[in-house]
Each structure stands twice: as structure tokens, then as C-alpha cells.
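The values are calculated or read from the model by the stated rules, or taken from the named source; none is laboratory data. As the structure is a prediction and not an experimental result, all values here were calculated from the model. Virtual Cβ from ideal backbone geometry, glycine too; neighbours counted across all protein chains shown. Just the protein is used for accessible areas: all its heavy atoms, side chains included, with ligands, DNA and RNA removed. Shrake-Rupley method; radii C 1.70, N 1.55, O 1.52, S 1.80 Å.
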Amino acid sequence: MGTAPCGVDGRFVEFMNSLRVIARIDVKGANAIKGIQMDGLRVIGDPKTLAREYYEEGVDEILYVDVVASLYGRGCLVEIVEAVAQDIFIPLGVVGGIGSVDDAYRAFRSGADKIGLNSAALRDPELLTRLVQEFGGQSIVVSVEAKRSSDGSVWEALSLSGRERTGVDVREWVMLCESIGIGEVLVTSVDRDGTLRGGDAELAHMVADAISVPVLYSGGIKNSEDAVGLARSTGVAGIVIGRALHEGLVCIADLKESLAANGIMVRLV
Amino acid sequence: MTSRVAVVDYGVGNIRSVFNALIAVGATPVRVSKPSDLDGVSRVILPGVGAFPTAAANLQAAGMHDALCACLKAGMPLLGICLGMQLLTESSNEFGSTPGIGLFTGQTVRIAAGNGSSSPGSSVRDMVPNVGWRAVDFYDNSSFPVSEFNHQWFYFSHSFEVVNASTANVFGDAVYAGRRLTAAMCHGAAVATQFHPEMSGTIGLAFIRAFLEWNGP
């Protein structure tokens, strides 16, 4: 299972990608917050302190999601990112409030290593094309807020942090984004976000199966077992954890040990 | 370690992460966008952001192409990161063919996923672009010290890769899609990585520190 040793030039090689464990910190103004199903936001701490803690604990990447930036048309998290980028030396992603090439420049200049777009991309997919040409696809992430249809068979992409319906089918949308040349897709299950009810493996699998760019799954991860199960069954490149990390239900080192024990390649720190 | 290190800014994207990493290891980064900015620096970092043709054109227009060639000729230690490594190859086929600085034998081409799209018994696939952490195998065939870094994990984020590299130039590679991906190159006092040491945690900072303490062959 997992690593498939095979002698090439007398050395062992493994035929698979590693899995990333990513800490998600939702931000509103100066505070880290967490909602349930993207609603009922509660302050949980300082976004800078949390990022530093998770970095020290060996997380592979930090993701800041500004939950109100699109709604108010404000700039992104420039100050928080500037401060945190001085202390953490792993990829720092910023999602929320990026609506133009200029916004993207501001985010990168402040120390973001990758940027994620949702609402602005849904409004104007051409913006993704311009960003890919300007910065290269690998640093452009499309963030998808997926809401399951009432009959459970398909998912709709929501905009404005899960507040607005778009009628866009998630599978078609991520395939369009891939054809534009973006680097990664972050898919959040709106139904599971902040619920600690477990990840939506069907959603993760559907998206990972539809495209060949790396897919990062977010929403509902409740413990290490849940994360391992999702990683094993869906083909995602990253497991994004928010509330379960904030509440200490997942310890990064233990999770990585479990992943490794289940044959999934992870960076052990 | 108070060396002044030039960080070449060719106008696109994030050079802040390289700045922050240099400060964290005790160096003084200096933003360089034109040749005269190089006065008084002891070494150069060519960071990796954006598209090859734009980067190559911007370096030419600013006179930095020639200035970098002069640095290389003078034996000044230089670290190329990601696109910074690719710019040191002969050419790239990103949006048509563009010549590079040509220090390294080899060309920069779009990554081919190869046979690794799905492997038996694994739930994780090899994807394009190559974004994520990989273990890098280093070889002791250059003057750059590698023992500390062999088999350590570094962060990659790229859609293009260097192929047909001379084995004399390659001192590190990683497994990707069941084959070897060029991860680190060296020639004279120039060292270059496909991965991003500035985003590779503690071991990445150690790599940058090793570069700052290295004076070439």
C-alpha cells in the first residue's frame, strides 16, 4: 500500500505525490474567527499567533481566508500577511478580497506565496486568465464553496463566503478553471464547514476525479481518523483543517504519523 | 553573517518571502532592479516568480541580463530559485521559444505528467503543476555542501521543468511521476534549485545559510 519500491539506478523510488496538511485560519478584520456552515462567526484568537503555532507544530502550509473581504470590497489581509510572513517559512496562501491584478500584486508583495479567488473568478473567469499570464498558474488557487443540492447528487458553487447562489455546477466550474491553467483548487464543503461532522468524501472525490491539478479539501474534518480516511479514498493533494486544529482535536504531528502509518507520504517534522 | 545579498526584482510577484528568509538567517537583503544596485553586494539571489518570457525580457530591458552574466564571470556566488534556476538554462518553450542565460546545459519545458497519473494501490496521484513537498536526493558532485540536505523535504511549485541537463550540472533530483525531476543544479559559483528553500521551513533556511557561507569551488 502506498509507496511502491522499485529499483531504478539501484535506488528506491516512490510513485506518488505527498499529501499536505494545511491549517486554515478564517479571518474577519483583525481576528481569527470560525463559523458553522460559514455562518455564526465566533472570535477564536489572533490570526498571527495561530499561524506561528501551527508552523512550529509542523503544518505544511497556512491558508488565510478573509470571510468578509468580497462582501465589503475591501483589500485583503495585507497587514496580517506582512507580519506573519516574517516568521513562518512555509507557503502562505491568501483567499478573499482579491478582485483584480492590482489586488494580486498587493497580496504577493505583502508576502503571500499563493492567492485564492472565489467570487471575483465566478463573476469574471477572464480575470483568472490574466492572473495566470502575469504570475504563472502555480500560484493561483481557485476557491470553491460547494453546496450540495437538495437531492444530494450535485454541488453548486456559492459566492461571497457562502452567502450567494450562482447556479454554477462545481464539477463544470473546476474543469473550466483547470482549462484556464490555474494551479490548485481549494474546495470547501459549505454543508460541513465548521461542523466537525467529518469531511465530505464524495465531494472531495468528485472534484479530484474531475481535474488533474492538485485539489485541497476543506470542511468538517473532525479528527485524524477522518483526515486519513479522506486522504486514502479521494485523491486530494491536501487536507485543510480549521476548527479541529483550533480546538485541539487534531495534533499535526500525530496526524502525520497516522497518515504515514497508512502508507500516505507526508513530510514528517 | 552580515553579508549584503542582492535579491533581483524583475517586476513580478513575491520577493518578500526571500527577503524574510534572508533576514531570518542574519543576512541583509538588497532589492536589485538595475545594474548599479549591485554595488557593494557580495552575492546574488535570482528568485522565481512569474513567466519565463516576461522575466527574461524584463531582465534584458533593465540591463540585468548582462549584469548577471558579469557577476557569474567574476565568480560571485549566485542562487537561482525556481524560475531563477530555469532562467539560467539555455531556453524555455513557455509561450514560444525564449533564450535563457545559458549557464546550464538543458532546456526549460512544460512538465509532462508521464506515467504517474495514478499508481497501483495509492490514493495520491502525481499532478501538474507540481505543487507540494518532495524529498530531494542530493549528490556530492559539486563544491556545494549537501550532506545536511540529502533526503530532506523541500517545497516545489512549478509548471515547467529543466530537461536534458548535463549530469555535471545536476546535484539534486526528486522523484516525480515515477521518474527523476531536476531539483538542484550547480556550475562554478552558481547554485540553483527548482524548489523554494525560502518556503521549505527550517531545512530551507539551513539551505540558504549554506549558500551564504559558500564561496564557490
Tell me the accessible surface of residue B:69 in square angstrom (1.4 angstrom probe, heavy atoms of protein chains only), to the nearest ten.
50
For segment A:207-260: span of alpha carbons on each principal axis (Å, largest first):
33, 22, 13
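What is the average number of partner chain Cβ atoms found within 10 Å of a Cβ in B:128-140?
What the average comes to for B:128-140 is 6.
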Given segment A:174-253, report the % of alpha carbon pairs whose separation exceeds 14 Å.
56
Cut-off under 21 Å on the C-alpha distance; same-chain residues fewer than 8 positions from residue A:256 excluded. Which lysines are left, in chain and number order?
A:222
Area projected by the alpha carbon convex hull of chain A, averaged over all directions, nm²
14.0
Charged-residue dipole, Cβ positions (Lys, Arg, Asp, Glu), segment A:188-250 about Cα centre, Debye nearest 20:
120
Take the Cα coordinates of segment A:107-222, assign each an equal point scatterer, and use the Debye formula without solvent to give log10 I(q)/I(0) at q = 0.10, 0.19, 0.21 Å⁻¹.
-0.27, -0.97, -1.16
List the lysines whose alpha-carbon lies under 17 Å from that of residue A:28, not counting same-chain residues fewer than 8 positions away?
A:48
Taking the Cα centre of segment A:55-169 as origin, work out the dipole magnitude from +1 charges on Lys and Arg Cβ and -1 charges on Asp and Glu Cβ, in debye rounded to 20.
400
What list of whole percents do you get for P(r) of segment A:25-105, with Cα-Cα distances grouped in 10 Å bins up to the one holding the largest distance?
18, 52, 28, 2
Rounded to whole Å, give me the distance from the Cα center of segment A:29-102 to that of segment B:1-62.
27
Please quote Rg/Rh for segment A:170-216 to two decimal places, taking the Kirkwood radius as Rh and restricting both calculations to Cα atoms.
1.00
Farthest positive-ward along the protein assembly as shown dipole, Cα basis, beta-carbon charges - from A:93, B:65, A:21
B:65
Give me the percent of accessible area attributable to carbon and sulfur for segment B:1-119, probe 1.4 angstrom.
53
Which value in Å is the Kirkwood Rh of the protein assembly as shown over different Cα pairs?
22.4
Determine the order of A:28, A:114 by accessible area, beginning with the largest, at a probe radius of 1.4 Å.
A:28, A:114
Please state the equivalent ellipsoid semi-axes for segment A:195-235: what are the square roots of 5 times the Cα gyration tensor eigenvalues, largest first, in whole Å?
18, 10, 8
Expressed in µm² per second, the diffusion coefficient of segment A:40-156 from the Stokes-Einstein equation, with Rh the Kirkwood radius over alpha carbon pairs, at 10 °C and 1.306 mPa s, is 105
Using only atoms on other chains, find how many Cβ atoms lie within 10 Å of each Cβ of peptide A:83-93 and report the average.
6
Expected-Rg normalisation [2.2 N^0.38 Å, Cα atoms] applied to segment B:20-90
1.08
Test item: Cα-centred dipole of chain A, Lys/Arg +1 and Asp/Glu -1 on Cβ, debye:
260
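Answer rounded, prolate or oblate for segment B:1-45, using the Cα gyration tensor with square roots of eigenvalues a ≥ b ≥ c: rounded when a/c is under 1.5, else prolate when a/b is larger than b/c, else oblate. Before the final figure, lay out the partial values.
Numbers: a/c = 3.15, a/b = 1.10, b/c = 2.85.
Oblate shape, in that a/c is at least 1.5 and b/c is the bigger or equal ratio.
What number do you get for chain B when its Cα radius of gyration is normalised by 2.2 N^0.38 Å, N = residues? All intermediate terms of the calculation are to be shown ahead of the outcome.
Values: Rg = 16.3 Å, N = 217, 2.2 N^0.38 = 17.0 Å.
With N residues counted in chain B, Rg over 2.2 N^0.38 Å equals 0.96.
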